[in-house]
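> Sharing a structure with you now.
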């Protein structure tokens with residue numbers, strides 16, 4: 001037996017003053033209880049119980065030890081009770097890491113809905129465009145691209161796919177001229193995530209009619225998707241960015257699609273929900289997981305409805 005089980009056998013036997021009653025209470029055999037007490041006495045090198053055919057009592061030397069064991073087991077049971085209660089209570093702190101692909105407006109809506117659904121949970125949100133180890137204990141849940149979490153044991157659920165699109169502000173296009181072909185990029189600035197660069201000066205890689213090519217621009221500015229969006233809105237160039245990040249800007253006319261008929265293939269980014277465990281997920285984590293699945297799923301339906309209406 002492990003040490004805690006042995007201590008519990010000792011305390012139960014001393015309280016009930018019976019090996020058989022202790023065995024019945026603990027759900028083990030009398031031999032197991034007797035062996036546990038013998039092992040404990042051998043470990044502490046002290047006789048703990050007087051045994052007769054009628055009764056079992058503590059020895060004088062064991063009285064203080066018994067009270068210490070009782071306190072220890074009571075504190076342990078209380079700790080077990082608290083942690084189990086916390087797991088079932090939708091309260092406490094929850095640490096969420098998200099990718100900048102999620103536009104501020106969308107993240108704001110998600111946070112507001114979470115606050116309404118779980119007012120007792122303190123949500124701490126970190127925005128990061130770096131790989132994350134969800135098993136390190138820094139974060140509880142991640143909303144990130146598929147390749148940003150490499151731990152095989154982590155649970156992954158796809159929330160949606162977002163294609164990369166070319167966008168620019170109307171003021172930028174009015175000042176610098178339209179883009180009618182890939183060759184026109186040489187007269188423009190391109191705003192691109194560093195992952196899209198091919199290593200050559202003034203070029204970024206994409207797919208054009210099924211083949212990979214390097215489109216060259218007069219100026220290249222690299223940054224995270226959130227920074228690219230900010231720069232595109234400021235009229236600094238043409239951004240190659242996930243559609244998810246600029247959906248509200250496209251709908252509101254702050255940004256426009258570039259090269260709509262240019263033959264560019266969809267380069268899709270998979271946005272996923274990550275969390276470390278399925279079996280022992282706390283109530284506050286389950287609440288946010290369910291909200292994210294509902295929130296992003298609703299966004300997919302809204303986008304599909306918008307497409308149908310546009311072609312009606």
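Bear in mind that the values in this text are calculations on the coordinates, not laboratory data. Predicted, not measured: the structure shown is a model, and the values here were computed from it. Virtual Cβ from ideal backbone geometry, glycine too; neighbours counted across all protein chains shown.
> Rank-order 223-236, 21-34 by packing density, defined as the average count of other C-beta atoms within 10 Å over each peptide's residues, highest first.
Details: 223-236: 19.4, 21-34: 16.3.
My ranking of the peptides, most packed first, is 223-236, 21-34.
> Moving on to the next point. Taking 0.36 nm per residue of separation and subtracting the Cα-Cα distance, what length does fully extending residue 82 through residue 61 add?
Values: separation 21, 0.36 × 21 = 7.56 nm, distance 3.34 nm.
Roughly 4.2 nm would be gained on extension.
> In nm, give the distance between the simple-model label positions of residue 68 and residue 254, each being 7 Å from the Cα along the Cα-to-Cβ direction.
Modelled inter-label distance: 6.6 nm.
> Another one. Cβ neighbours within 10 Å, averaged per peptide: list 57-70, 160-173 in order, most packed at the top.
Numbers: 57-70: 14.5, 160-173: 19.4.
Answer by packing, highest mean first, reads 160-173, 57-70.
> With a cut-off of 12 Å, note down the residues of region 1-16 whose backbone N falls inside the zone around a label point 7 Å from the Cα of residue 25 toward its beta carbon.
Counting backbone N atoms under 12 Å from the label point, the list is 8-16.
> How much length would be gained if the chain were fully extended between residue 46 and residue 280, taking 0.36 nm per residue of separation minus their Cα-Cα distance, in nm to one decimal? Don't skip to the answer; put the middle values down first.
Working: separation 234, 0.36 × 234 = 84.24 nm, distance 4.09 nm.
Length gained, residue 46 through residue 280: 80.1 nm.
> Measure off 7 Å from each Cα along the Cα-to-Cβ vector at residue 171 and residue 227, then give the distance between these two points in nanometres to one decimal.
2.2 nm
> Distance in nm between label sites at residue 268 and residue 136, each 7 Å beyond Cα in the beta-carbon direction?
3.0 nm
> Okay, next question. Using 0.36 nm per residue, how much length does the chain from residue 126 to residue 219 gain when fully extended, once their Cα-Cα distance is taken away?
Working: separation 93, 0.36 × 93 = 33.48 nm, distance 3.07 nm.
Answer, rounded to one decimal: 30.4 nm.
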